[in-house]
Amino acid sequence: MKISIYGGINMFENITSGHIDSLNDILKARHSIRVFSPDPPSRREIDQIIRAGLIAPFASLPAKGRTDFRKIIVIPTNSIAMNKVLMSVNRVMPKFADELKEIAHGQPSPNRFSGPNPDAPRFSHFLGNAPYLIIAAERKGLPPTYMADQSISLSYCMYNMWLTAVSLRIGFRLISIFVHLKMGNDAEFCKLLGIPPAEFALDACAVGYPAGNYQPAHVNYPDYGSNVTWLD
Ligand SMILES: Cc1cc2nc3c(=O)[nH]c(=O)nc-3n(C[C@H](O)[C@H](O)[C@H](O)COP(=O)(O)O)c2cc1C
């Protein structure tokens, strides 16, 4: 074990100068993949992605004294369980479409939340053709970031999984409709996932190899020159 120049045990002893280049490559290659190959990743690859999610940071109080503060549920999209997920989401979706109309105060709401007939929403639009849906659940509680139905800790969990997916050349798409629909409060849906209702915030993603000819949508990220300020 090496002793760091700052004293104590060097916790970064396995990190070499090559890692920053690899990390930069992965950060730059990360994009939302919305069309997938029909060939699914292996279970081992999906497990590597999930394990990265489990070691993402968390806000301390809801986790105090327990190790069951985060759950990951993997759902192959050709499974019977997926049909049940679809039924649950489709049951809740029309109510959300109505709420959205109210929030928008008569302005046109994003029509992807409802089909041509508002009673016929299309969950497939949010999921695409991914072979796997991964739902992450984080226990709610104090600090108040957890009282919202979107947990900040889950964003870190998702990002750990996203970067790991990229490092395995696996595509990743956030599916935030589970947050919007507050599915963590839906008793029937929580029973399906095997978690108690209203105790966990949920987020989700779709993963799979990108379709052969897939090109991610072009995105203009903020450039350094106009958007970074160093204060003296
Ligand atoms: C909080 C959050 C929620 C998102 N929800 C979705 C989603 O439900 N579906 C989707 O396709 N992309 C979703 N995205 C991805 C963004 O649309 C995407 O990251 C952004 O357009 C930039 O594109 P890029 O990921 O290819 O760099 C979400 C991103 C964030 C940060």
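Arrange the peptides 157-165, 206-214 so that the one whose residues have, on average, the most other Cβ atoms within 10 Å appears first.
On the way: 157-165: 21.9, 206-214: 17.8.
The most tightly packed comes first, giving 157-165, 206-214.
On a straight-distance basis, which aspartates and glutamates could pair with K182 in a cross-link, Cα separation under 19 angstrom, same-chain partners fewer than 8 positions away excluded?
Counting by Cα, and skipping residues close in sequence, K182 has these aspartates and glutamates nearby: D98, E99, E102, D119, E138, D149, E199, D203.
Pulled fully out, how much extra length does the chain show between D98 and S124, if you take 0.36 nm times their separation in residues and subtract their Cα-Cα distance?
Numbers: separation 26, 0.36 × 26 = 9.36 nm, distance 1.91 nm.
Gain on stretching D98 to S124: 7.4 nm.
So which of K84/K191; K71/K95; K101/K191; K71/K191 end up more than 18 Å apart by C-alpha?
Working: K84/K191 11 Å; K71/K95 27 Å; K101/K191 29 Å; K71/K191 14 Å.
Distance filter (> 18 Å) returns K71/K95; K101/K191.
Sorted from fewest to most neighbouring beta carbons within 10 Å, what does the list D232, D39 look like? Walk me through the intermediate numbers first.
Details: D232 2, D39 10.
Ascending Cβ contact count within 10 Å gives the list D232, D39.
What is the extension gain from E199 to R51, computed as 0.36 nm multiplied by their sequence separation minus the C-alpha to C-alpha distance, in nm to one decimal? Walk me through the numbers before you get to the answer.
Working: separation 148, 0.36 × 148 = 53.28 nm, distance 2.22 nm.
Difference between extended and current length: 51.1 nm.
If packing is taken as the average count of other Cβ atoms within 10 Å, what order do 93-102, 216-225 fall into, highest mean first?
On the way: 93-102: 15.1, 216-225: 7.5.
So the peptides 93-102, 216-225, ranked by packing, come out 93-102, 216-225.
When a/c reaches 1.5 or more, the comparison of a/b and b/c decides; with that in mind, is the range 127-232 rounded, prolate or oblate per its Cα gyration tensor?
On the way: a/c = 2.56, a/b = 1.25, b/c = 2.05.
The shape class here is oblate.
Take L231 and S32, extend 7 Å from each Cα along the Cα→Cβ direction, and tell me the distance between the two endpoints in nm.
3.2 nm
Roughly speaking, what is the stretch gain from H180 to D39, that is 0.36 nm per residue apart minus the C-alpha to C-alpha distance, in nm to one decimal?
Numbers: separation 141, 0.36 × 141 = 50.76 nm, distance 2.96 nm.
Taking H180 through D39 to full extension adds about 47.8 nm, to one decimal.
As a footprinting exposure proxy, order T77, T229, T16 by other Cβ within 10 Å, with the fewest listed first.
Values: T77 21, T229 5, T16 9.
In increasing order of surrounding Cβ atoms, one gets T229, T16, T77.
Output wanted: per-residue J couplings in Hz (rounded whole) for the range 212-223, from phi through Karplus 6.51 cos²θ - 1.76 cosθ + 1.60, θ = phi - 60°, x for Gly and Pro.
Calculated HN-Hα couplings, in order: x, 9, 6, 10, x, 4, 6, 10, 9, 7, x, 8 Hz.
Going toward the positive end of the dipole of the range 161-232, with +1 on Lys and Arg Cβ and -1 on Asp and Glu Cβ, which of S176, Y209, V166 do you reach last?
Y209
Using R₀ = 25 Å, calculate the FRET efficiency as 1/(1 + (r/R₀)^6) where r is the Cβ-Cβ separation of R91 and K71; round to 0.05.
Working: r = 22 Å, r/R0 = 0.88.
Taking R0 as 25 Å, the efficiency between R91 and K71 is 0.70.
We did not get these values from a lab; they are worked out from the coordinates using the rules stated. Bear in mind the structure is a predicted one, so any value in this text is a computation, not a measurement. Positions of Cβ are backbone-derived with ideal geometry, glycine not excepted, and every protein chain shown enters the neighbour counts.
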